[in-house]
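**Q** Once you've had a glance at the structure underneath, I'll fire off some questions.
The values are calculated or read from the model by the stated rules, or taken from the named source; none is laboratory data. Just so we're clear, the structure is a prediction, and the values are computed from it rather than from any experiment. Heads up, the Cβs are rebuilt from the backbone with ideal geometry, glycines too, and the neighbour counts pull from every protein chain shown.
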Amino acid sequence: MSSQSIPQQAPAPPLPRLGEITETVTNTIFGKAPLWWLIAFGISSALAGAFVLVLGAVALFGTGLWGINVPIVWGMGITNLVFWIGIGHAGTFISAFLLLMRQSWRNAFSRYAEAMTLFALATAGMFPLFHVGRPEWIFYFAPYPNTMILNPQWLSPLVWDAIAISTYGGISAIFWFLDLIPDIAAMRDKAKRPIPRAFYGFLALGWRSDSNHWERLHKTAYILAALATPLVISVHSVVGLDFAIGNLPGWHHSIFPPYFVAGAIFSGLAMTVIVGIVLRSGYEGLKDFITMDHIDKALKLMLITGLLVTYGYMAETFGGWYKADAFELPLIIERAIGPYAPFYLAMLFFNCILIQLLWFKPVRKNIALILVICVGILIGMWLERFVIVSVSLSYTYLAPTWEVFNFTFWDILTIFGPFGFFFAQFLVFIRFLPSLPISETQQHAVEVAHA
Amino acid sequence: MPETNGCIYGYIAEFEDSESLLEAAHRTREAGFRRARGHSPYYVEGLADALGDNTGDLIAWYVLGGILLGGVAFFLLQFITGAVWYPLNIGARPIVAWQAWMIITFEGSVLGGGLAALLGLVLQIQLPLPYHPIFNAPDFHLASSSRFFLSIEARDPLFDEEGTWQFLESLEPTKVSEVTC
């Protein structure tokens with residue numbers, strides 16, 4: 001892996017002169033909103049509205065609107081929670097882990113991928129909030145002082161999860177914003193009208209490009225990256241533990257934590273590549289910065305994580321067979337040939353078979369095929385979450401209670417609504433804040449020119 | 001040398017690229033100036049060192065403190081609430097289940113470290129600061145995109161209006177200007 005992803009500077013595009021990079025990126029913001037942005041924002045907002053409708057309905061009438069019932073008590077809420085947290089993981093992986101590895105190609109993705117992390121977390125956070133059925137009492141998750149000294153059960157992975165995810169959100173937000181400050185200052189200095197100037201001036205905190213401040217900020221970014229890297233691994237591991245600690249067939253596997261992390265980065269990279277392709281086709285100027293070379297590297301990383309996920313499926317199946325559990329074996333067979341077979345087989349097709357195309361260079365250069373593969377991965381990873389969460393719950397230790405999950409109208413809305421919620425936030429971000437790290441891209445361009 | 005209108009913050013020299021700025025920074029330091037700062041659109045490695053301005057950085061210590069404090073605090077939180085205030089005996093499992101508490105302890109130390117990094121940064125670079133005289137410098141709005149600057153404050157013990165101006169001109173910048181306060 002390491003020998004493959006060392007930056008090759010061979011096909012470097014002609015270098016823009018200093019300041020041109022700032023110009024290009026700020027122009028995407030100060031220019032009029034392009035038509036595609038308006039259309040995309042309209043669609044996303046409509047879907048986000050549907051999501052708000054679902055959440056409101058669930059809060060008013062109860063979680064029974066979702067097709068959950070004993071034994072399948074975890075349905076769309078938890079499936080989507082796991083899926084959306086996973087989407088966020090690629091952002092931190094790209095911005096923190098690849099920073100520590102000095103992979104400068106990450107620059108093209110780091111800013112917007114980190115923003116994706118925040119928005120994916122915001123989306124994911126909605127699910128546990130409403131899945132508990134009593135959103136107004138969500139503070140029970142926190143160890144707040146109360147007269148009955150009632151506190152969270154510290155041995156429960158669900159409590160670990162709440163703390164891991166909120167820590168992750170906080171650290172990601174700090175990391176993302178500190179990195180943004182110099183670029184917001186560039187926005188402030190490029191702004192011509194008073195309101196944008198005041199807006200960016202306020203957010204730039206008075207950044208004056210001071211050498212001492214740069215030094216400190218640089219160091220802080222590295223320290224935060226070093227903190228965020230183990231954190232991001234821990235977050236999806238803890239999500240994996242939510243299941244692995246449960247005694248249920250299909251959940252009780254020690255492979256879960258690493259396999260969840262690989263799956264998270266896998267699906268997050270797919271989303272990052274899709275968004276990258278949209279950005280570079282939407283804003284002509286960004287084509288020189290988010291190049292096919294960058295996408296190529298992300299796709300290779302995606303292939304590696306995809307193979308890890310494939311290994312996870314094999315280990316899980318093998319483990320189920322090897323422990324010869326009277327309830328695990330029927331689960332393995334049932335989910336491959338039973339009523340859930342379309343879900344399980346589609347998952348295997350998208351996550352294990354379709355990605356094999358990425359071995360071939362012509363495929364990694366074909367935008368249409370890349371989009372097909374990435375959308376396929378998103379579908380496949382969503383199915384994986386569903387197969388793990390709800391399908392496993394269908395086959396409990398009490399065979400007479402076996403049940404098939406019944407999708408209601410609200411379940412369908414809960415699948416598609418969050419995409420609108422996520423993209424609406426993301427589109428607002430690319431409209432108001434620089435979607436590329438201006439200063440790092442400039443630095444990199446100068447370094448390449450001198451190399 | 002221009003007319004001064006009473007109050008000056010310092011002088012500022014403008015450069016085309018980071019190498020000239022780095023070179024100028026080395027010479028400023030050799031000339032003995034102590035209150036000089038570089039301004040660049042991106043991180044220029046070694047610039048703060050060249051100006052002798054990279055000492056006393058405490059961020060790593062803040063972070064270490066934050067990690068320890070966060071970890072200890074989250075561990076004690078679990079210990080006090082779970083084992084002292086409300087011990088819950090479930091199937092005679094150990095009350096002090098420190099192994100299982102390690103995950104939250106870990107999250108606490110990362111959270112503490114991250115918040116301490118933010119706090120350390122804010123305290124050291126003294127931002128947010130809405131107004132600073134350096135913004136009065138001509139062309140300074142280019143410092144965030146395409147130009148490199150070197151400023152010497154009037155507070156510097158070596159600063160004198162004539163000599164410093166000439167010194168800055170000797171660094172071969174594209175322009176030297178005065179910064180009013």
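**Q** Please go through the range B:60-103 and pick out each residue that is more than 30 Å from A:N212 (Cα to Cα), surrounded by fewer than 12 Cβ atoms within 10 Å (Cβ to Cβ) and either of a type in the set (D, E, K, R) or within 29 Å of the chain's Cα centre (by Cα) (or both).
**A** Across the range B:60-103, the qualifying residue is only B:R93.
**Q** I need the full set of residues from the range A:198-231 which are at the interface with chain B (Cβ under 7 Å from one of its Cβ atoms), under 11 Å from A:A185 (Cβ atoms) and among the aliphatic types (A, V, I, L, M), in order please.
**A** A:L205
**Q** Looking at (1) within 11 Å of chain A (Cβ to nearest Cβ); (2) in a helix (DSSP H, G or I); (3) of a type in the set (A, V, I, L, M, F, W, C); (4) in contact (Cβ under 8 Å) with a residue 12 or more places away in the chain, which is the one condition that is false for B:I80?
**A** Every condition holds for B:I80 apart from (4).
**Q** Here's another thing I want to ask about it. Only one residue in B:G91, B:G52, B:G32 is in the same structural domain as B:E161 (by TED's automatic domain parsing) and either acidic (D, E) or more than 24 Å from B:Q124 (Cβ to Cβ) (or both). Which one?
**A** Details: B:G91 fails: in the same structural domain as B:E161 (by TED's automatic domain parsing); B:G52 fails: either acidic (D, E) or more than 24 Å from B:Q124 (Cβ to Cβ) (or both).
Exactly one residue qualifies, and that residue is B:G32.
**Q** Looking at the range B:106-136, which of its residues are within 20 Å of A:A162 (Cβ to Cβ) and facing chain A (nearest Cβ under 7 Å)?
**A** Kept after step one, since they are within 20 Å of A:A162 (Cβ to Cβ), are these residues of the range B:106-136: B:106-115.
Across the range B:106-136, the qualifying residues are B:F106, B:E107, B:V110, B:L111, B:G113, B:G114.
**Q** Looking at A:G170, A:G246 in this structure, which one is within 23 Å of A:L81 (Cβ to Cβ), away from chain B (no Cβ under 11 Å), surrounded by fewer than 23 Cβ atoms within 10 Å (Cβ to Cβ) and not β-branched (V, I, T)? Talk me through it step by step, then tell me what you get.
**A** Details: A:G170 fails: away from chain B (no Cβ under 11 Å).
The unique qualifying residue is A:G246.
**Q** Going by what's in this entry, would B:Q99 be described as closer than 22 Å to A:K219 by Cα and either at pLDDT below 95 or not in a loop (DSSP other than H, G, I, E, B) (or both)? Before you say what the answer is, go through the steps one by one.
**A** Details: closer than 22 Å to A:K219 by Cα: no; either at pLDDT below 95 or not in a loop (DSSP other than H, G, I, E, B) (or both): yes.
Against the criterion (closer than 22 Å to A:K219 by Cα and either at pLDDT below 95 or not in a loop (DSSP other than H, G, I, E, B) (or both)), B:Q99 does not qualify.
**Q** Would you check which residues across the range B:16-27 are within 11 Å of another protein chain (Cβ to nearest Cβ), out of contact with any Gly (no Cβ under 8 Å at 6 or more places or on another chain) and surrounded by 23 or more Cβ atoms within 10 Å (Cβ to Cβ) and list them? Before the answer, list the steps.
**A** Filtering the range B:16-27 down to residues within 11 Å of another protein chain (Cβ to nearest Cβ) leaves B:16-19, B:21-22, B:25.
Still in the list and also out of contact with any Gly (no Cβ under 8 Å at 6 or more places or on another chain): B:16-19.
Answer for the range B:16-27, where residues must be within 11 Å of another protein chain (Cβ to nearest Cβ), out of contact with any Gly (no Cβ under 8 Å at 6 or more places or on another chain) and surrounded by 23 or more Cβ atoms within 10 Å (Cβ to Cβ): just B:S18.
**Q** For a quick check of your reading: which helices (runs of 4 or more DSSP H) sit entirely within the range A:340-444 and have at least 3 residues that are in contact with a helix residue (DSSP H, G or I) (Cβ under 9 Å, 6 or more places away or on another chain) and among the aromatic types (F, W, Y)? Reasoning before the result, please.
**A** Numbers: elements: A:341-348, A:361-365, A:367-386, A:409-432.
Correct list: A:409-432.
**Q** Something else: Looking at the range B:40-59, which of its residues are of a type in the set (A, V, I, L, M, F, W, C) and either touching a residue at least 24 places away in the same chain (Cβ under 8 Å) or surrounded by fewer than 14 Cβ atoms within 10 Å (Cβ to Cβ) (or both)? Spell out how you get there, then give the answer.
**A** Quick first cut of the range B:40-59, residues of a type in the set (A, V, I, L, M, F, W, C) only: B:44, B:47-48, B:50-51, B:58-59.
B:V44, B:L47, B:A50, B:L51, B:L58, B:I59, listed by residue number.
**Q** May I ask you to verify whether A:G133 is in a loop (DSSP other than H, G, I, E, B), away from chain B (no Cβ under 12 Å) and either modelled with pLDDT under 90 or farther than 30 Å from A:W207 by Cα (or both)?
**A** Details: in a loop (DSSP other than H, G, I, E, B): yes; away from chain B (no Cβ under 12 Å): yes; either modelled with pLDDT under 90 or farther than 30 Å from A:W207 by Cα (or both): yes.
Spelling it out, A:G133 is indeed in a loop (DSSP other than H, G, I, E, B), away from chain B (no Cβ under 12 Å) and either modelled with pLDDT under 90 or farther than 30 Å from A:W207 by Cα (or both).
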